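Notes follow once the structure below has been shown.
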Amino acid sequence: MRIERVRLFDFRLPLLHSFETSSHRKSGIEHVLVELTDADGAIGWGEIASPSDPFYCAETTETAWYIATRYLVPRVLGAGWELPETLEAGWAKVRGHEFAKAGFSGAAWDLHARRQGVSLAAALGGTRSDVATGVSLGIEANIDALLEQVSAQLQAGYGRVKLKIAPGWDVAAVAAVRAAFPTVELHVDANGAYPNDTDSLAVFRALDGFGLTMIEQPFEQRDFLAHAELQQRIETPVCLDESIVSVADLETMLRLDAGRVLNIKVSRMGGLSQARRAHDIAANAGVPVWCGGMHEFGVGRAINLAISSLPNFLFPSDVSGSDKYYEHDIIDPPIRARGGRVTVPSTPGLGFVVDTDRIAHEAIRVFDSASVAELAGAER
Ligand code: OSB
Ligand code: MG
């Protein structure tokens, strides 16, 4: 098959509840939606879920737009391919920019699955018809506000809660949640905010006593040794997120025992093919994985749902219902969780109808390969 047209939509939605991590606070999300159309008019959708600012990873909405229009679109347009991996190989020489690549990878996989007449989950080798999901809660103004959030999410049926932590918002917050909800499946995520020093070790030793399922990304992205040393000193599994942007990073983690759980983010790994490889390698090593989120709109959320149906996703995924984040999502029906579980669609591709009219109408900016005679400045 051949891609005949690429459209990119820079799209923004307000968050129902603003979200604060160790690095910053945000009240809206801006992602770039990718639409690929083949010569027969079949369509695939993907989502570039890069944060707007370079605080989680180096990419931003602007760098993703630049890389997509200048380097990825020219490699995708007109290329012949049958398997998504073939299309992805076309951009292999572009280094980094995993989020930008993941948006195109998702669209290629959706298109591929639709053409095969199978669900994206089935195309990936998924084995579950529904997946366990959990919620991620940001840093709140005070502990009462946090307890209120936890209580609301438990009432909504979620059984797993992940708390964002940062120096100064850690042991007391976790102790309060644990005291109020003794049996909730609880885990914490530091987004790399802790220095590798004795004060931090004391925090993690204290957190080790709360029966957490995991402590996610305590130290900075590249510091595998700090994570390995911490894992020797505490019982709670260390989970890596930001550190793992390639299969080689995962091999490093496994070799060093720098973490015993892997957060697979499709975007962070550069797309679905790499995410699936990471899943398989972790499964062979006996390391469980779960699917992290980037506050995706419905397209990215459906992609996360599909990969979460693979067998080694053994902890709840951050694929909570659309209603936790957005009033009106861009897919129909929106993703819904019941009793903390989300059904994996069995209809072709993503399994949701994408509201193209609304996206085209409300986008902040649009790129359409059909309306540019020659891609300005495009580089092969
Ligand atoms: O580390 O998981 C993270 C959001 C932005 C940046 C980093 C992270 C997150 C989340 C989002 O936790 C969770 C979700 O999408 O439900
Ligand atoms: Mg994380």
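Quick note: the coordinates plus some simple rules give every number you see, no bench work behind them. The model shown is predicted, which means the values in this text are computed figures rather than measured ones. Quick reminder, even Gly has a Cβ in these numbers, built from the backbone with ideal geometry, and neighbours come from all protein chains shown.
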Inset, instruction - Rounded, prolate or oblate: pick one for the range 123-351, where a ≥ b ≥ c are the square roots of the eigenvalues of its C-alpha gyration tensor, a/c under 1.5 means rounded, and failing that, prolate if a/b is larger than b/c, else oblate. - result: oblate
Legend entry - Label-point separation, residue 361 to residue 247 (7 Å along Cα→Cβ), nm: 4.4 nm
Inset, instruction - Name the residue, out of 278, 89, 226, whose mean-square fluctuation peaks in a Gaussian network model built on the chain with Cα pairs under 10 Å. - result: 89
Legend entry - Fluctuation leader among 179, 121, 228 - the chain, Gaussian network, Cα springs under 10 angstrom: 179
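With only alpha-carbon atoms in the gyration tensor, what are the semi-axes of the equivalent ellipsoid for the range 227-348, in Å, largest first? Show your work: numbers first, answer last.
Numbers: eigenvalues 155, 42, 31 Å².
Equivalent ellipsoid semi-axes, largest first: 28, 15, 12 Å.
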Inset, instruction - Work out from phi, with θ = phi - 60° and the Karplus expression 6.51 cos²θ - 1.76 cosθ + 1.60, the ³J(HN,Hα) of each residue of the range 10-16, listed in order in whole Hz, and give x for Gly and Pro. - result: 7, 10, 10, 9, x, 7, 5
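Exposure proxy check: 61, 37 ranked by fewest other beta carbons within 10 Å?
Details: 61 22, 37 18.
Fewest-to-most ranking of 61, 37: 37, 61.
Net charge around residue 187, counting only other residues with Cβ within less than 9 Å of its Cβ (Lys, Arg = +1; Asp, Glu = -1)? If you can, show how the numbers build up before the last one.
Numbers: positive: 160, 162; negative: 185, 189, 216.
Summing Lys and Arg as +1 and Asp and Glu as -1 gives -1.
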Legend entry - Residue order, fewest to most surrounding Cβ atoms within 10 angstrom, among 161, 171: 171, 161
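Over the chain, what relative contact order in percent results from Cα pairs under 8 Å that are six or more residues apart?
On the way: 844 pairs, mean separation 87.1, N = 380.
Relative contact order here is 23 percent.
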Inset, instruction - Give a quick list of GluC sites (Glu not before Pro) in the range 275-380 that DSSP marks as loop, anything other than H, G, I, E or B, with at most 12 other Cβ atoms within 10 Å. - result: 327, 374, 379
Inset, instruction - Please sort by residue number the trypsin sites (Lys or Arg not before Pro) in the range 140-229 whose DSSP state is loop and whose Cβ has at most 13 other Cβ atoms within 10 Å. - result: 222
Legend entry - Percent of beta bridges antiparallel (DSSP, the chain, rounded to nearest 5): 60 percent
Inset, instruction - With label points built 7 Å along Cα→Cβ from the Cα atoms of residue 62 and residue 370, find their separation and express it in nm. - result: 3.1 nm
Legend entry - residue 175-residue 118 pseudo-label distance in nm [points 7 Å out on the Cα-to-Cβ vector]: 5.2 nm
Inset, instruction - Provide 269, 214 in ascending order of the number of other Cβ atoms located within 10 Å of each residue's Cβ, fewest first. - result: 214, 269
Legend entry - Cut-off 14 Å between beta-carbons: net charge of the residues surrounding residue 337, Lys and Arg +1, Asp and Glu -1: +2
Inset, instruction - Collect residues whose amide H, placed 1.01 Å from N in the peptide plane, falls under 5 Å from the amide H of residue 265; neighbours closer than 5 in sequence don't count. - result: 292
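How much net charge surrounds residue 323 when only other residues with a Cβ under 12 Å from its Cβ are counted (Lys, Arg +1; Asp, Glu -1)? Intermediate values should be presented prior to the final figure.
On the way: positive: 301, 324, 336, 338; negative: 327, 329.
Here the charged neighbours net out to +2.
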Legend entry - Most fluctuating residue given options 102, 175, 141, as computed from a GNM of the chain linking Cα atoms under 10 Å: 141
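Which of the GluC sites (Glu not before Pro) found in the range 39-85 are loop residues per DSSP with 10 or fewer other Cβ atoms within 10 Å of their Cβ?
Working: sites: 47, 59, 62, 82, 85; in loops: 59, 82.
Within the range 39-85, the qualifying GluC sites (Glu not before Pro) (loop, at most 10 other Cβ atoms within 10 Å) are 82.
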Legend entry - From phi via Karplus (6.51, -1.76, 1.60), per-residue ³J(HN,Hα) for the range 314-327 in Hz, x at Gly/Pro: 10, 10, x, 8, 7, 10, 5, x, 3, 5, 5, 10, 10, 6
